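Structure first, commentary second.
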Amino acid sequence: SAVISQKPSRDICQRGTSLTIQCQVDSQVTMMFWYRQQPGQSLTLIATANQGSEATYESGFVIDKFPISRPNLTFSTLTVSNMSPEDSSIYLCSVGNSANTEAFFGQGTRLTVV
Amino acid sequence: GNSVTQMEGPVTLSEEAFLTINCTYTATGYPSLFWYVQYPGEGLQLLLKATKADDKGSNKGFEATYRKETTSFHLEKGSVQVSDSAVYFCALTSNSGYALNFGKGTSLLVTP
């Protein structure tokens, strides 16, 4: 299984600002994903981070709000832009290598917007 | 798209009680099915998985069988421990086959 490091682990941010979350994997992986887990809720897929091209966003999520980078096969960033209190969530990086197999998750970034 | 429905919590059990957490799914094709666990203050961990019909996934005393005829993947454990207190998520591969779709999670509290 891959070891996934996310930074920061938590942050408290002012509304209107932006936060970039980093995800580093200890080995090359095919797929990287970003999820959101709102308080007391399940995980919702934000987007698939594609290496060398634009991310693929799920319904309800847009690039202007959640720009994503993936410059190589071991690293990705998610930016939460122009934050509001509704963006307070845990953001999780996830990786997978093959279709129909398990995904592995980072420890998550707990974001509080005040 | 592919989705799962799992029983609402919270579930409170005494130590050594039998646990069942129900999970049913809706899918096109043949998704893989998973149970993930989130212990308090920790990240999401894979508990067990099954990749085809009639497969049984097992780990740490937990079991779940991929039942195509009932579209179910119920999680069971014969004797729960206090350390099993956590939130359990049922999940399946999405239509793309790569990302996962999760159920809402079931909180389990085991008391001594």
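Collect the residues in the stretch B:78-112 that are under 19 Å from B:T24 (Cβ atoms), within 7 Å of another protein chain (Cβ to nearest Cβ) and buried (at least 20 other Cβ atoms within 10 Å of the Cβ), keeping them in residue-number order.
B:F89, B:T93, B:L100, B:F102, B:G103, B:G105
Identify, from the list A:T77, A:T44, the residue that is in contact with a Phe, Trp or Tyr (Cβ under 7 Å, 6 or more places away or on another chain) and either part of a strand (DSSP E or B) or within 10 Å of chain B (Cβ to nearest Cβ) (or both). Step through it out loud before you land on a result.
Working: A:T77 fails: in contact with a Phe, Trp or Tyr (Cβ under 7 Å, 6 or more places away or on another chain).
Of A:T77, A:T44, the one residue that is in contact with a Phe, Trp or Tyr (Cβ under 7 Å, 6 or more places away or on another chain) and either part of a strand (DSSP E or B) or within 10 Å of chain B (Cβ to nearest Cβ) (or both) is A:T44.
Specify which of the listed residues (B:K49, B:K68) is of a type in the set (K, R), free of Cβ contacts under 8 Å to residues at least 24 places away in the same chain and surrounded by 15 or more Cβ atoms within 10 Å (Cβ to Cβ). Write out each step before concluding.
Values: B:K68 fails: surrounded by 15 or more Cβ atoms within 10 Å (Cβ to Cβ).
Only one candidate passes the filter, namely B:K49.
Quickly run through the stretch A:10-53 and pick out the residues that are touching a residue at least 40 places away in the same chain (Cβ under 8 Å) and exposed (fewer than 13 other Cβ atoms within 10 Å of the Cβ).
A:R10, A:I12, A:Q14, A:R15, A:G16, A:T17, A:S18, A:D26, A:S27, A:Q28, A:T30, A:P39 - these are the residues of the stretch A:10-53 that are touching a residue at least 40 places away in the same chain (Cβ under 8 Å) and exposed (fewer than 13 other Cβ atoms within 10 Å of the Cβ).
In the stretch A:80-99, which residues are crowded, with 18+ Cβ neighbours inside 10 Å and part of a loop (DSSP other than H, G, I, E, B)? Don't jump to the end; show me each part of the working.
Let us first name the residues in the stretch A:80-99 that are crowded, with 18+ Cβ neighbours inside 10 Å, namely A:80, A:83, A:87, A:89-96.
Matches in the stretch A:80-99: A:M83 only.
Pull out all pairs, ordered by first then second residue, where Cβ-Cβ is under 6 Å, the residues are six or more apart or on different chains, the first lies in the stretch A:94-114 and is of a type in the set (D, E), and the second is at pLDDT 90 or above and surrounded by fewer than 19 Cβ atoms within 10 Å (Cβ to Cβ).
Cβ pairs passing all conditions: A:E102/B:L46.
Give me a count of the residues in the stretch B:23-44 that are assigned to a loop (DSSP other than H, G, I, E, B) and surrounded by 15 or more Cβ atoms within 10 Å (Cβ to Cβ).
Start the filter on the stretch B:23-44 by keeping residues that are assigned to a loop (DSSP other than H, G, I, E, B), which leaves B:27-32, B:39-43.
Adding the requirement that they be surrounded by 15 or more Cβ atoms within 10 Å (Cβ to Cβ) leaves B:27, B:31-32, B:43.
Number of matching residues: 4.
For the stretch B:6-49, which positions are within 11 Å of another protein chain (Cβ to nearest Cβ) and touching a Lys or Arg at 6+ places or on another chain (Cβ under 8 Å)?
B:Q6, B:Y30, B:S32, B:L33, B:F34, B:W35, B:L47
Out of everything in the stretch B:10-22 that is among the aliphatic types (A, V, I, L, M) and closer than 12 Å to B:A64 by Cβ, what residue ends up being surrounded by the fewest Cβ atoms within 10 Å (Cβ to Cβ)? Before the answer, list the steps.
Within the stretch B:10-22, the subset among the aliphatic types (A, V, I, L, M) is B:11, B:13, B:17, B:19, B:21.
Now narrow it down to the ones that are closer than 12 Å to B:A64 by Cβ: B:19, B:21.
On the way: B:L19: 19, B:I21: 23.
Per the criteria, the residue is B:L19.
Considering the stretch B:41-63 alone, what residues qualify as being farther than 14 Å from B:P31 by Cβ, in contact with a Leu (Cβ under 8 Å, 6 or more places away or on another chain) and small (G, A, S)?
Scanning the stretch B:41-63 gives B:G43, B:S58.
The values are calculated or read from the model by the stated rules, or taken from the named source; none is laboratory data. All of these numbers come straight from a predicted model, not from anything done at the bench. Please note: Cβ atoms are built from the backbone with ideal geometry, for glycine as well, and neighbour counts cover all protein chains shown.
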